[in-house]
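The structure under discussion appears below in the form of structure tokens.
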């Protein structure tokens, strides 16, 4: 997925959880923000459809002052023959210290 916003990185959640004890020991915290976000897209090209949806979620994450996005579900279906996709997830914040300090109001 090369068309995500600049500075974005996709990381498998399974790779993050084993790192949490090391992050805590180093003085970092990984917060979850309540509520979920989701985006939908449609189009004939599967990769382009998902890149568009993920780009929207990354921009939403950045606008809300968070620096991580946990993807919870990816679904796809056809609506009258038009391929559609939806991705839902939760905002996360990785930061130094143990008190949540989001940059903007949610």
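Laboratory data are not the source of any read-out in this text; all were calculated from the coordinates shown. Note that the coordinates shown come from a computational prediction; the quantities given were computed from them, not determined experimentally. Don't worry about glycine lacking a Cβ; one is built from the backbone with ideal geometry, like all the others, and counts go over all protein chains shown.
If the requirement is being touching a residue at least 12 places away in the same chain (Cβ under 8 Å) and within 15 Å of the chain's Cα centre (by Cα), which of these qualifies: 95, 70, 47? Don't jump to the end; show me each part of the working.
Numbers: 95 fails: within 15 Å of the chain's Cα centre (by Cα); 47 fails: within 15 Å of the chain's Cα centre (by Cα).
Unique residue meeting the criteria: 70.
So, in the stretch 58-82, how many residues would count as being in a loop (DSSP other than H, G, I, E, B) and more than 17 Å from residue 31 (Cβ to Cβ)?
First, pick out the residues of the stretch 58-82 that are in a loop (DSSP other than H, G, I, E, B): 64-67, 80-81.
With more than 17 Å from residue 31 (Cβ to Cβ) added as a condition, the list becomes 80-81.
Total satisfying the criteria: 2.
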